[in-house]
Amino acid sequence: MSQRDDTGIEVPLYRAAHARTGDKGDRANISLIAWHPQLWALLVEQIDEDAVRGQFAHRRPGRIVRHLLPKLHAMNFVLDDVLDGGVNGALNLDGHGKALSFLLLELPLRVPRALVPLLAGPPIDADESKNHTSKNHTGDKR
């Protein structure tokens, strides 16, 4: 869903970045990479440990650490205790936590009007913001 105001638009994070998850034991690593270098500063400003902790609250993470990788326009989050004990100890369907990157990419991101053309996915137009609909990266309406 996108929402406009005079200062910009709110979009799901997947419009500005992509992600990949890895695991080791009960620890997940989620890398977040900006689609465009000019979107990097927005990620640093808005996607911090507190935002990630809120998004993953139902997984009850222990420690969350963010590592910034500015030359790559990326960051890596290390989340402890989010895999229900890890691959060998968990009964959940995603013991490796591969789907956790998609959960991160659902976070909202405020994007100034000048940067909206840099977002991935279909163009955002006035009709879309009026109807409060958005399309995900595959083009399906959400």
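Each value in this text was obtained by applying a stated rule to the coordinates, not by laboratory testing. These numbers were taken from a predicted model, which means no experiment stands behind them. So basically every Cβ, Gly included, is an ideal-geometry build from the backbone, and we count neighbours across all protein chains shown.
How much length would be gained if the chain were fully extended between GLN46 and ARG60, taking 0.36 nm per residue of separation minus their Cα-Cα distance, in nm to one decimal?
Values: separation 14, 0.36 × 14 = 5.04 nm, distance 2.09 nm.
Taking GLN46 through ARG60 to full extension adds about 3.0 nm, to one decimal.
For a protection proxy built on the mean count of beta-carbon atoms within 10 angstrom, sort 62-68, 108-114, 23-29 highest first, please. Can you show the working numbers first?
Numbers: 62-68: 13.4, 108-114: 15.0, 23-29: 18.0.
Packing proxy ranking, top to bottom: 23-29, 108-114, 62-68.
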